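Working notes for the structure below.
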Amino acid sequence: MAEETGKSRTGEGAVSVWPKYSDRIDQNREKNWFEKHGYVKLVDFLSVQEVQAIDRELKRYRKEIIPTIPSTVVFYEEKGNENSIIRLEQMMNFDEFFKDLGESPAFNGLADVLLGMECEPNNVQFFSKPPGAKETPPHQDGKYFMHGKGITFWLALDDADEENGCMYYVPGSHKKGLIEHEKTDMIGFSQQLAEYGDELKSTEVCADAKKGTLLGHHPYMVHRAGQNKSEVRWRPAIGLTYWAKSCRDDEELHKRRAEYKKQLFQQLETEGKI
């Protein structure tokens, strides 16, 4: 119950009865595309009304929930400026609506189809690239996951294009496995490919996304996001990650991730970034 966990119950539990993912896409076509290319682009995956519901809940979350949660799950472009939030982590752990969103039949189960394994929600995130923000460096989510048994979904809450910093994918790169990375000094994206050579750059495709479009990519998909060249447009999105259920009992995996996070947060605190 919300009263026992401290989570907020909003009454927007309608997400639990949103139409299932299978009513929104051609499953066989998208699975075949995903297996070959390592990503999917599902245009108009959510309706205007569904995106508006998420926007309303984000406003409430910023007002009511952010003041009560650890600083390690809230990232700012400018520390201390509440209007410069660029990333929110683990939202499903602090709020019932976003927990419901991750478990909604609109999303939950789609990872199973694309990956061919039983999956469960792992994280619900918010990303927002402000005007003038730098490029997000090329990377693979599997470097952060520390495994390749999952998927990242990226839901456009507004139009994302080449002006305001849309995503770019390297089709087929998921078949290369985990590529060498190196540390960055960028908040929220601490890893980047050690080398992003012509072999990868030359096949990169632009994944511009209209509001309501859902992108999804394999943990080993090489991707980046462009600079936000706009002077006024932000680029908001919701991220939902799903991991194979087999990861749940992998104690060594959880131990490695906990140690990495501990070191990262210590560094960010020392540098005054969180």
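Among the residues of the range 186-204, those identified as part of a strand (DSSP E or B) and at pLDDT below 95 are M186, F189, S190, Q191.
Is it the case that some residue within the range 231-250 is at pLDDT below 95 and not in a loop (DSSP other than H, G, I, E, B)? Working first, answer last.
The initial filter retains those residues of the range 231-250 that are at pLDDT below 95, namely 248-250.
Then drop every residue that is not not in a loop (DSSP other than H, G, I, E, B), which leaves 248-249.
For the range 231-250, residues at pLDDT below 95 and not in a loop (DSSP other than H, G, I, E, B): present.
For the range 38-52, the candidate set comprises residues that are part of a helix (DSSP H, G or I) and either touching a residue at least 24 places away in the same chain (Cβ under 8 Å) or not polar (S, T, N, Q) (or both); within that set, the residue that is nearest to D141 (Cα to Cα) is V51.
Of the numbered criteria (1) in contact with a helix residue (DSSP H, G or I) (Cβ under 7 Å, 6 or more places away or on another chain); (2) open to solvent by less than 20 Å² (accessible area, probe 1.4 Å), the one T72 fails is (2).
Quick check, is F34 in a helix (DSSP H, G or I), of a type in the set (A, V, I, L, M, F, W, C) and touching a strand residue (DSSP E or B) at 6+ places or on another chain (Cβ under 6 Å)? Answer is yes for this residue.
The condition of being of a type in the set (F, W, Y), open to solvent by less than 40 Å² (accessible area, probe 1.4 Å) and touching a residue at least 12 places away in the same chain (Cβ under 8 Å) holds for only one of F94, F98, that being F98. One residue stands out in the range 164-185 among those that are under 24 Å from S84 (Cα atoms) and open to solvent by 40 Å² or more (accessible area, probe 1.4 Å): the one that is modelled with the lowest pLDDT, namely D185. So, F107, is that one outside any loop (DSSP other than H, G, I, E, B), open to solvent by less than 20 Å² (accessible area, probe 1.4 Å) and of a type outside the set (A, V, I, L, M) or not? So F107 fails the test. Scanning the range 116-151 for residues that are of a type in the set (S, T, N, Q), in contact with a helix residue (DSSP H, G or I) (Cβ under 9 Å, 6 or more places away or on another chain) and closer than 24 Å to E199 by Cα yields a total of 1. Set side by side, the residues S84, S71 differ, and just one is more than 15 Å from P236 (Cβ to Cβ), modelled with pLDDT under 95, out of contact with any Gly (no Cβ under 9 Å at 6 or more places or on another chain) and of a type in the set (S, T, Y), which is S71.
For (1) open to solvent by less than 80 Å² (accessible area, probe 1.4 Å); (2) in contact with a helix residue (DSSP H, G or I) (Cβ under 6 Å, 6 or more places away or on another chain); (3) in contact (Cβ under 8 Å) with a residue 24 or more places away in the chain; (4) not acidic (D, E), each residue gets a yes or a no:
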residue: E204; (1), (2), (3), (4): yes, no, yes, no
residue: A207; (1), (2), (3), (4): yes, no, yes, yes
residue: A225; (1), (2), (3), (4): yes, no, yes, yes
residue: Y242; (1), (2), (3), (4): yes, yes, yes, yes
residue: E252; (1), (2), (3), (4): no, no, no, no
residue: R256; (1), (2), (3), (4): no, no, yes, yes
residue: E259; (1), (2), (3), (4): no, no, no, no
residue: F265; (1), (2), (3), (4): yes, yes, yes, yes
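The values are calculated or read from the model by the stated rules, or taken from the named source; none is laboratory data. What you see is a predicted model, and the numbers here were worked out from it, not measured in a lab. Cβ atoms come from the backbone with ideal geometry, glycine included; neighbour counts cover every protein chain shown. For accessibility, only protein heavy atoms count, side chains too; no ligands or nucleic acids. Shrake-Rupley method; radii C 1.70, N 1.55, O 1.52, S 1.80 Å.
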